[in-house]
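These notes are about the structure you will find just below.
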Amino acid sequence: MFTDTSLIAGTTIGLYGLLGLIKQEKTSYSCLWLIIGTVMTLLSKGVFIPGLLWICLLLAPIFLKQCRTKQYGLNTFLSGIIALVFILPWPVMLLIEHPDLFKVWFWDNNIGRFLGFSVEDLGARGNLTMIPEAVLLFALPSGVLAFIFILMNPIKSLSDEHYFLCSAFVVLGVVLLQISASGRALYLLPFIAPMAILATQTFIKIPQIIYKYLTLFSSILWSVLIIFLWGCYFLALFTDYKHWLTPLGRWLPMSYQIHFSGFIFTIAVLITAVWVAKNWLISKSPALRAAQNWVLGIATVWGLVFTLFVGWIDYTKGYQGTFLDLKEKLAGVYQDNDCMASYNIGESEAPMLYYYAHILHQQQKTFDAPKKCDWLLVLFLSEEIDPAPKGMVLFWQGHRPGQDRENLVVYKKAGLGDNK
């Protein structure tokens, strides 16, 4: 259900096909991959990434001589026509059947997020430091190394067929994200793969002695984290020792009790065994060994987190218990013909409200009594909640386990249901 997963896959496929066209290799298959990538990215999350792919496609003849041919133009034209054949039916049908939803998808989420006029309603307002921080930390170390390569080789990165596509795609993407009114580190995900390719050009030029220290550093870092995770897991299994994990209570509520699962335990042991046996599995080349050691450590740590602790994380971050409790309280009071307005409800809460409580809310921009609905759902990002708007009374209050700094509150019109 995570749209960015298909967006990353589509981006990688599209870049692969586009690179084939630029290098004039297996052009039929390259066109096919470009078409698939274009369709996947647009139907995944809108026009930004497919638009960026095709901007790079159109810029290629300006920077690369081999792309200034009729065959390149013909391949580009045919790929575009075929991609539109697969893309257009969905937005056209959406426009015909539900023009209001088409506006939300195309105008508000694509154009509005970039220009800023829909950010107040949809959230995720960006700032000047968000994307640079994401390049520095979220994409570490690929982001830093990629931009070092581009800055040190500006002409080569745009005039060489091996580097043009990744360089142009990354630079244009980061610049557009920087000037966009909406921004999240998550938006950088489609650029990680091309960044990693460019980063290798910087990484292989690092002095040999540094590879040794990088390997040693990552081995110590990830080994300590792996031991820490296993220690936390065993402490969490036994209630007598769970109090030692109290410092983690800010993120993982101590009210949850982990239950032993033989299957999950076995998978986690196998993941750890791969890390233990890494010296026999990874390359002997100093540069490749340092890179593989780092990547394997990341994979092992996240693998343990999402096996040993996935139930605890789901309990903490999920809205199931919260909205099922609301559904139970609304039973017999909230009628089929009722409607619920909402204020400050975001992208995370809204779909869960519908999924668990079967309530499709109607968003409003102010914390006032709704004009058309008898119910109002509000998300307060604090421990304190505001008094009910005039003419309404507090009906229900809840929050996710351990998340008392975020409170969901439902108000109802005064006198509503008193005679039921």
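Some values worked out for this structure:
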read-out: Where R289 falls short, out of the listed (1) touching a helix residue (DSSP H, G or I) at 6+ places or on another chain (Cβ under 9 Å); (2) outside the structural domain of F228 (by TED's automatic domain parsing); value: (2)
read-out: Any hit, region 118-127, residues being at pLDDT 90 or above, of a type outside the set (A, V, I, L, M, F, W, C) and not assigned by TED's automatic domain parsing to the domain that holds Q363; value: no
read-out: Test for R68: is it farther than 21 Å from L165 by Cβ and among the basic types (K, R); value: no
read-out: Residue match in region 43-51 (condition: part of a helix (DSSP H, G or I), hydrophobic (A, V, I, L, M, F, W, C) and farther than 30 Å from A196 by Cα); value: no
read-out: Odd one out for L353, checked against (1) surrounded by 15 or more Cβ atoms within 10 Å (Cβ to Cβ); (2) part of a loop (DSSP other than H, G, I, E, B); (3) without any contact (Cβ under 8 Å) to a residue 40 or more places away in the chain; value: (2)
read-out: Odd one out for L176, checked against (1) under 30 Å from N109 (Cα atoms); (2) crowded, with 21+ Cβ neighbours inside 10 Å; value: (2)
read-out: Residues (of a type in the set (A, V, I, L, M), over 28 Å from T5 (Cβ atoms) and touching a helix residue (DSSP H, G or I) at 6+ places or on another chain (Cβ under 9 Å)) located in region 217-240; value: L235, A236
read-out: Any chance D325 is without any contact (Cβ under 8 Å) to a residue 60 or more places away in the chain and either in a helix (DSSP H, G or I) or out of contact with any strand residue (DSSP E or B) (no Cβ under 9 Å at 6 or more places or on another chain) (or both); value: no
read-out: Hits in region 112-141 - residues which are part of a loop (DSSP other than H, G, I, E, B) and crowded, with 19+ Cβ neighbours inside 10 Å; value: S118, G126, A139
read-out: Residue among F86, F77 that alone is surrounded by fewer than 16 Cβ atoms within 10 Å (Cβ to Cβ), outside the structural domain of F169 (by TED's automatic domain parsing) and over 29 Å from the mean Cα position of the chain (by Cα); value: F77
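The values are calculated or read from the model by the stated rules, or taken from the named source; none is laboratory data. In this text the structure is predicted, and so the values were computed from the model without any measurement. Using ideal geometry, Cβ is built from the backbone for each residue, glycine included, and neighbour counts are taken over all protein chains shown.
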